[in-house]
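Only one structure is covered here, and it is reproduced in the block below.
The values are calculated or read from the model by the stated rules, or taken from the named source; none is laboratory data. Bear in mind the structure is a predicted one, so any value in this text is a computation, not a measurement. Cβ: placed from backbone, ideal geometry, glycine included. Neighbour counts: every protein chain shown.
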């Protein structure tokens with residue numbers, strides 16, 4: 001294919017993936033998917049390689065190839081849709097339910113469609129299935145190995161019912177699963193339409209060309225990084241102490257090897273990462289520092305090798321608890337790798353480094369949300385404020401939708417002015433989000449950067465730490481507790497680090513940037 005034909009191929013295949021995501025968001029029942037867009041969609045080729053992904057959640061999409069591989073081992077038949085969430089057979093953490101389906105046209109396997117959505121409750125010891133103190137995966141919810149959820153005869157109602165009755169939000173689970181299943185039927189139709197218009201051989205060629213193109217661009221960008229071994233370490237905060245992430249990034253020519261030797265052993269809490277989640281964080285960082293506009297195809301991952309000791313925090317083995325590894329430890333891996341590469345590339349200052357997970361619920365409702373904060377500044381711009389950073393790419397839950405769906409009232413939602421680190425370019429500010437509960441319920445918070453500030457870069461100052469509070473009393477970074485009607489939960493999210501040494505025109509954090517031109 002020439003450049004013009006490649007652009008057409010990218011537009012067609014990327015359009016299918018994006019339409020899948022848009023359909024899932026529009027048709028889902030839960031606010032977590034419909035409003036926050038905590039979901040991802042992608043197409044894979046007949047060999048299970050990532051063809052193209054929609055611009056959704058980095059932590060979902062980098063880890064989704066493991067789910068496709070797990071389903072392919074079952075040799076799925078045409079029109080079958082398979083379902084799984086087991087972190088040790090292709091999943092990430094239990095609330096993320098992944099569907100995978102083969103796509104056949106005229107008897108030929110064209111590839112696979114995949115979707116992953118965060119379901120706000122799949123059972124377990126705490127509402128919303130994100131307990132702060134789980135110690136083994138069995139406490140975190142229903143575990144689904146690769147299982148057939150639909151075929152040409154219709155939906156496997158028994159499996160859908162099994163998932164729903166294990167959830168505190170029965171109707172939501174049924175509605176969200178039906179939406180995911182419909183998205184896979186949409187993908188089948190769209191791929192068949194493309195093959196009907198352009199031919200099956202064109203479809204295969206388009207996927208291969210996109211894979212090869214993304215690999216060529218990734219390797220060309222990696223060659224621009226000086227060869228060397230770049231090492232750093234970062235902490236992950238527990239309720240009482242810290243765990244260590246140690247990483248060495250080895251650049252040789254057009255390839256990258258990332259070695260996590262020296263990282264803490266598997267933890268007896270839930271901060272552990274399955275290897276697929278660690279790989280997702282690594283792929284994300286390499287793309288950020290090399291070619292952020294790289295097409296979202298699997299070839300971009302080909303130059304990257306990840307080595308992580310088995311039984312460690314970043315390559316946990318069953319029956320490790322993993323609820324927070326997917327959201328918090330993955331974010332800390334990103335910060336560790338960016339810190340390691342800071343002497344080799346123009347890496348940004350650290351962002352908030354946490355997703356600030358908040359869950360509230362009882363037997364009647366389950367609310368889950370991640371909360372944005374400050375992004376780190378970079379060499380050419382201030383960091384944005386109040387955004388989801390790194391491995392998260394969700395929206396917030398609009399106040400109107402939150403208060404309509406749950407017995408919760410939003411007392412305060414504002415930027416934390418001045419919490420971004422000062423510098424030539426300033427880090428973004430965090431936010432304060434305060435929620436008053438109207439029913440007795442249970443609270444779980446999984447957050448980080450409550451003891452350690454996000455670092456600045458090239459002389460920039462660090463961003464402010466975050467805080468968790470209930471009725472004004474400060475809480476640890478990870479906590480679970482009972483709330484009574486009228487109690488107020490307040491989350492103050494961290495600011496991002498600043499970049500460069502502030503000049504005379506940028507002495508104060510609340511000054512606007514100088515006008516150019």
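Given 119, 60, 56, which one is modelled with pLDDT under 95, within 28 Å of residue 316 (Cβ to Cβ) and touching a helix residue (DSSP H, G or I) at 6+ places or on another chain (Cβ under 7 Å)?
When all the criteria are applied, what remains is 56.
If we keep just the residues of region 124-162 that are out of contact with any helix residue (DSSP H, G or I) (no Cβ under 8 Å at 6 or more places or on another chain) and in a strand (DSSP E or B), which is farthest from residue 270 (Cα to Cα)?
That would be 154.
Any residue at all in region 297-310 that's at pLDDT 95 or above, out of contact with any helix residue (DSSP H, G or I) (no Cβ under 8 Å at 6 or more places or on another chain), assigned to a loop (DSSP other than H, G, I, E, B) and surrounded by fewer than 20 Cβ atoms within 10 Å (Cβ to Cβ)?
Within region 297-310, one or more residues are at pLDDT 95 or above, out of contact with any helix residue (DSSP H, G or I) (no Cβ under 8 Å at 6 or more places or on another chain), assigned to a loop (DSSP other than H, G, I, E, B) and surrounded by fewer than 20 Cβ atoms within 10 Å (Cβ to Cβ).
Can you name the residue in region 316-333 that is over 17 Å from the mean Cα position of the chain (by Cα) and closer than 16 Å to residue 260 by Cβ and is also surrounded by the most Cβ atoms within 10 Å (Cβ to Cβ) among such residues?
316
Has region 380-390 got any residue that is touching a strand residue (DSSP E or B) at 6+ places or on another chain (Cβ under 6 Å), touching a residue at least 24 places away in the same chain (Cβ under 8 Å), surrounded by 17 or more Cβ atoms within 10 Å (Cβ to Cβ) and under 22 Å from residue 55 (Cα atoms)?
Yes, region 380-390 contains a residue that is touching a strand residue (DSSP E or B) at 6+ places or on another chain (Cβ under 6 Å), touching a residue at least 24 places away in the same chain (Cβ under 8 Å), surrounded by 17 or more Cβ atoms within 10 Å (Cβ to Cβ) and under 22 Å from residue 55 (Cα atoms).
Criterion first (farther than 15 Å from residue 87 by Cα, out of contact with any strand residue (DSSP E or B) (no Cβ under 8 Å at 6 or more places or on another chain), at pLDDT 95 or above and not assigned by TED's automatic domain parsing to the domain that holds residue 69) does residue 253 satisfy it?
In short, yes.
Can residue 448 be described as touching a strand residue (DSSP E or B) at 6+ places or on another chain (Cβ under 9 Å), surrounded by 24 or more Cβ atoms within 10 Å (Cβ to Cβ) and within 20 Å of residue 240 (Cα to Cα)?
When the stated conditions are applied, residue 448 passes them.
Of the residues 356, 326, which is within 30 Å of residue 483 (Cβ to Cβ) and at pLDDT 95 or above?
Going through 356, 326 in turn, the sole match is 356.
Could you please find all residues in region 96-123 being outside any strand (DSSP E or B) and crowded, with 24+ Cβ neighbours inside 10 Å?
Within region 96-123, 119, 120, 121, 122 qualify.
Of all residues in region 13-34, which are under 18 Å from residue 111 (Cβ atoms) and surrounded by fewer than 19 Cβ atoms within 10 Å (Cβ to Cβ)?
Scanning region 13-34 gives 15, 18, 19.
Just to be sure I understand the filter: pairs with C-beta atoms under 8 Å, separated by 6 or more residues or on different chains, first member in region 301-324 and free of Cβ contacts under 8 Å to residues at least 24 places away in the same chain, second member surrounded by fewer than 21 Cβ atoms within 10 Å (Cβ to Cβ). Which pairs pass?
Going by the 8 Å Cβ cut-off, the qualifying pairs are 310/317.
With the condition kept exactly as written, say whether any residue in region 336-353 is assigned by TED's automatic domain parsing to the domain that holds residue 435, part of a strand (DSSP E or B) and either on the phi > 0 side of the Ramachandran plot or surrounded by fewer than 24 Cβ atoms within 10 Å (Cβ to Cβ) (or both).
no
Table: residues versus (1) part of a loop (DSSP other than H, G, I, E, B); (2) buried (at least 20 other Cβ atoms within 10 Å of the Cβ).
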position	(1), (2)
394	yes, yes
414	no, no
419	yes, yes
459	yes, no
464	yes, yes
468	no, yes
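Take region 432-457 and flag every residue that is part of a strand (DSSP E or B), more than 22 Å from residue 270 (Cα to Cα) and touching a helix residue (DSSP H, G or I) at 6+ places or on another chain (Cβ under 9 Å).
Scanning region 432-457 gives 435, 457.
Could you please give the count of residues in region 35-89 that are within 15 Å of the chain's Cα centre (by Cα) and either surrounded by fewer than 20 Cβ atoms within 10 Å (Cβ to Cβ) or in a strand (DSSP E or B) (or both)?
Residues flagged as within 15 Å of the chain's Cα centre (by Cα) and either surrounded by fewer than 20 Cβ atoms within 10 Å (Cβ to Cβ) or in a strand (DSSP E or B) (or both) within region 35-89 amount to 6.
Among 389, 327, 358, 288, which is assigned to a strand (DSSP E or B) and out of contact with any helix residue (DSSP H, G or I) (no Cβ under 7 Å at 6 or more places or on another chain)?
The conditions single out 358.
Among the residues of region 361-386, which ones are outside any loop (DSSP other than H, G, I, E, B) and within 21 Å of the chain's Cα centre (by Cα)?
Of everything in region 361-386, those that are outside any loop (DSSP other than H, G, I, E, B) and within 21 Å of the chain's Cα centre (by Cα) turn out to be 366, 367, 368, 369, 373.
Quick test for you: out of 218, 232, 192, 187, pick the one residue that is within 18 Å of residue 106 (Cα to Cα) and under 24 Å from the mean Cα position of the chain (by Cα).
Testing whether each residue is within 18 Å of residue 106 (Cα to Cα) and under 24 Å from the mean Cα position of the chain (by Cα) leaves just 187.
Going through region 210-242 one residue at a time, which ones are assigned to a strand (DSSP E or B) and crowded, with 20+ Cβ neighbours inside 10 Å?
Residues satisfying the conditions are 230, 234, 236, 237.
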